Amino acid sequence: MSERKGQLRVVPVPSYHDMGPAERNELFVVAAVLLRTDVMDEVSGVLTSDMFLDPNLALVFRAIEQVYARGVLVDLQTVDTEMYRLDEVHATRLQGISGLKEGLRMIREVSNVMVYAAEVVRFYRLRCLQVLGESLAMKANLMDGDPDALMEELERELMALRLKCVNGDMGVPMEVAGRKVLDYFKELKASGELPTGCPTGVKGLDELMGGVRPCELMFLAARPGDGKTAMGLHMALACARAGLPALFVTMEMSDEELVKRMFAKLGDISPDSMRLYGPSLKELREMERVTEEVMPGLPLRFLFAPSITLEQLRAKVLMAVKRGECKVLFVDYIHLMQLPKGMEANPVGGLGVLANGLKSLAMQAKIPLISMAQMSRKIEERGPAAVPLSSDMRDSGILEQAADIILFIRKPGKKDNRAKLREGTFFLTKMRNGGTGEVDFRYSIGFTSFEEVSSC
């Protein structure tokens, strides 16, 4: 780096053993973010790059901040590229991210990252207090020093430091929030629209729930084969028909398999024909009509992503939101997502990280997020007529806490008369901003669409 006036001289990252405690904690944080992609969700609200003492680590974390803010996956390559974009001379002298390779090799455990982050903040505050103390001491030694002015300066600087270390967020005044809500309802009144969220495609459910709203996380749970994917597709199609761009992320079915189901929903095409002996000539013509005339007008996208990580999902969704391609997200399903690194031995804890991450994603993207989930076997122990409880979700504890809405699909047993009528019940067991209830439904042959029984 050319030694420009007023700039810090950049030196190579010192050996781990030569680092002081502040720099070691900074290295731990940077390594944790690079080793486990979901860590930035935790530290982004606590740390900023200007809190780092080591200028090289500060550049790396600044690059991480920029990549994360754009919704791009944070990894070694994206951060290395961003370092050169931010400060090519500095990054070149550091040899990019490879300048950290010695320190990164020292770190394998990242579960204590928030402890390291807290230490980075603590050392930053101590440095700020030291600088403030030295400045005030110099002013206090002046013959014309004003103690009242110095005390006011001290209080002002301390308050600024406190605000900095809580990310500057001190809440929203009630009247400001109230004005936003009032303006929202005024706009609704002027447009003649109702304050509902994205539709479910089942009239009774929409009347009970009012749809799923932006920032809400909904879990759609059922036993295997009871139709959680089918209902997710039904909801996604209802959203698309309402003009809401929907993204359906699946981890167990390819986009071609999902489209086969959509053909059965959109046209007079038998699912059995496509599955067993191929569509007839009439059905082929219907498939052509649907492909050319119906599908182009439906803003619905499919993404087949087996074992997707939370950070990969976040990056793809935020990019789709920016492009206007996603105003409601479906994830099929949370139990098939890849657990965060280091949590393979603790799947329940890892599932909790995923659930909280999905909720965080819904709030960050300001979209409704509907995730399918497995129902545990314990409901079967209570008999075929048992009413589902929120605790009947598999690994339910943390999912219940993260969810705004929990909806169960319950099909009757094969010996039940309702099974012959192809009927079942939706059980809404949690609604954070509303009541709960039940809605009976009837499903079509091939289990691709749902209707409320009373409207059939």
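Of note:
- Test: residue in the stretch 261-278 that is in contact with a Pro (Cβ under 6 Å, 6 or more places away or on another chain) and modelled with pLDDT of 85 or more: no
- Number of residues in the stretch 240-257 that are more than 22 Å from Cys198 (Cβ to Cβ) and touching a residue at least 24 places away in the same chain (Cβ under 8 Å): the value is 2.
- Top-ranked residue in the stretch 309-324 [being in contact (Cβ under 8 Å) with a residue 24 or more places away in the chain and surrounded by fewer than 17 Cβ atoms within 10 Å (Cβ to Cβ); ranked as farthest from the chain's Cα centre (by Cα)]: Gly324
- Enumeration of residues in the stretch 66-99 that are more than 22 Å from Leu47 (Cα to Cα) and of a type in the set (Asp, Glu): Glu88
- Among the residues making up the stretch 258-278, those that are assigned to a helix (DSSP H, G or I) and in contact (Cβ under 8 Å) with a residue 24 or more places away in the chain are Leu258, Val259, Arg261, Met262, Phe263, Ala264, Lys265, Leu266, Pro271, Asp272.
- Selection of helices (runs of 4 or more DSSP H) fully inside the stretch 44-99 by the criterion of at least 2 residues being touching a residue at least 24 places away in the same chain (Cβ under 8 Å) and under 24 Å from Leu161 (Cβ atoms) returns 55-69.
- Any chance Glu82 is in the same structural domain as Leu126 (by TED's automatic domain parsing), out of contact with any strand residue (DSSP E or B) (no Cβ under 8 Å at 6 or more places or on another chain), at pLDDT 90 or above and among the charged types (D, E, K, R): yes
- Residues of the stretch 368-389 that are within 16 Å of Phe426 (Cβ to Cβ) and in contact with a strand residue (DSSP E or B) (Cβ under 9 Å, 6 or more places away or on another chain): Ile370, Met372, Ala373, Met375, Ile379, Ala386, Val387, Pro388, Leu389.
- In the stretch 189-236, the residues that are surrounded by fewer than 19 Cβ atoms within 10 Å (Cβ to Cβ), over 18 Å from the mean Cα position of the chain (by Cα) and either part of a loop (DSSP other than H, G, I, E, B) or in contact (Cβ under 8 Å) with a residue 12 or more places away in the chain (or both): Gly192, Glu193, Leu194, Pro195, Thr196, Lys203, Gly210, Pro224, Gly225, Asp226
- Taken together, Val294, Val290, Val249 contain a single residue that is farther than 30 Å from Gly71 by Cβ, at pLDDT 85 or above and touching a Phe, Trp or Tyr at 6+ places or on another chain (Cβ under 7 Å), which is Val290.
The values are calculated or read from the model by the stated rules, or taken from the named source; none is laboratory data. All of these numbers come straight from a predicted model, not from anything done at the bench. Neighbour counts run over all protein chains shown; Cβ positions are idealised from the backbone, glycine included.
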